[in-house]
Structure formats: C-alpha cells, structure tokens
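Each remark here refers to the structure printed beneath this line.
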Amino acid sequence: METGTWRTETRGETAADCQSSDRSCICGDIKTVIADKMHKVAVAVGEKAADQDAQSAMAQYGKQASEMLDESADYIRKFDYEQTDAKVREYVGRHPQRSLLIAGGIGLIIGAIIGRR
C-alpha cells in the first residue's frame, strides 16, 4: 500500500495530505475505525447473549462483555492523544530521572519477553 494513494474512509484525503496538515487526521481515523469495530463486536456479542437463556451464566458473561466492549469503544472515541502527549511531556520534563528509570525498566521487561521466544 503506497502512502500517497491511501485514502481515509471518512474524509477522502490522502495520507500525504493528512501528514502535511496534521498528525491528528490519521490518528482520528484510526481511532474511529477501532472504535467502530469494537462497537460491532459488542453488538454481535450482545446479540449472541440475547439468544442464550437469559438466566444462564454464559448469557450474563456475554452481556457484561458486550457492555465492556461498548464502554471501551466510547473511551477510544473520546481519547485525546494530543492532551495525553502534552501531559507525558510535562511529566518527563519535571521528572527526567524517574522517566529514564521507567523507560529502562519497561525496556528490560520487553527485552526479557522477546528474548524468551
């Protein structure tokens, strides 16, 4: 897939147009796609749970899973990565040593997980 020819579903802009105007264009589209797919899965799980006996444990778990997926989809739609980015940058600026330790620890954990495979 060529970057310049890829088109966003919602706006019809090319990826190159989005990159030149703002990073949030692509991230917003990705958020929308992920949230929409999660919502579709939530609806499908909810329908399957409704087909089951309403009192069965599987129906209850299916209903809970459906609600959690729908809540997650809403969270993804509302998530503002620019605000989060600003908060992380502010935290790193205030606590550079702690940030390096955290990043190093995460790197060691990821390295250990990858090294086991």
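The values are calculated or read from the model by the stated rules, or taken from the named source; none is laboratory data. Given the structure is predicted, the values throughout are model-derived calculations rather than measurements. With ideal geometry, Cβ positions are generated from the backbone for all residues, glycine too; neighbour counts draw on all protein chains shown.
Going by the conditions given, is ALA59 crowded, with 16+ Cβ neighbours inside 10 Å, touching a Ser or Thr at 6+ places or on another chain (Cβ under 6 Å) and either modelled with pLDDT of 90 or more or part of a helix (DSSP H, G or I) (or both)?
Working: crowded, with 16+ Cβ neighbours inside 10 Å: yes; touching a Ser or Thr at 6+ places or on another chain (Cβ under 6 Å): no; either modelled with pLDDT of 90 or more or part of a helix (DSSP H, G or I) (or both): yes.
Considered against the rule, which asks whether it is crowded, with 16+ Cβ neighbours inside 10 Å, touching a Ser or Thr at 6+ places or on another chain (Cβ under 6 Å) and either modelled with pLDDT of 90 or more or part of a helix (DSSP H, G or I) (or both), ALA59 comes out as no.
Taking the stretch 49-78 as the search range and keeping residues that are of a type in the set (A, V, I, L, M) and within 28 Å of THR32 (Cα to Cα), which one is farthest from the chain's Cα centre (by Cα)?
Applying the first criterion (of a type in the set (A, V, I, L, M)) to the stretch 49-78 yields 49-50, 54, 57-59, 65, 68-69, 73, 76.
Filter once more, keeping what is within 28 Å of THR32 (Cα to Cα): 49-50, 65, 68-69, 73, 76.
Details: ALA49: 25, ALA50: 27, ALA65: 17, MET68: 14, LEU69: 12, ALA73: 8, ILE76: 6 Å.
Within the stretch 49-78, the match that is farthest from the chain's Cα centre (by Cα) is ALA50.
Collect the residues in the stretch 59-117 that are closer than 29 Å to CYS25 by Cβ, among the basic types (Lys, Arg) and free of Cβ contacts under 8 Å to residues at least 24 places away in the same chain, keeping them in residue-number order.
Across the stretch 59-117, the qualifying residues are LYS78, LYS87, ARG89.
Checking the structure you have, find out if any residue of the stretch 59-68 is in contact with an Asp or Glu (Cβ under 7 Å, 6 or more places away or on another chain) and under 18 Å from GLY46 (Cβ atoms).
Within the stretch 59-68, one or more residues are in contact with an Asp or Glu (Cβ under 7 Å, 6 or more places away or on another chain) and under 18 Å from GLY46 (Cβ atoms).
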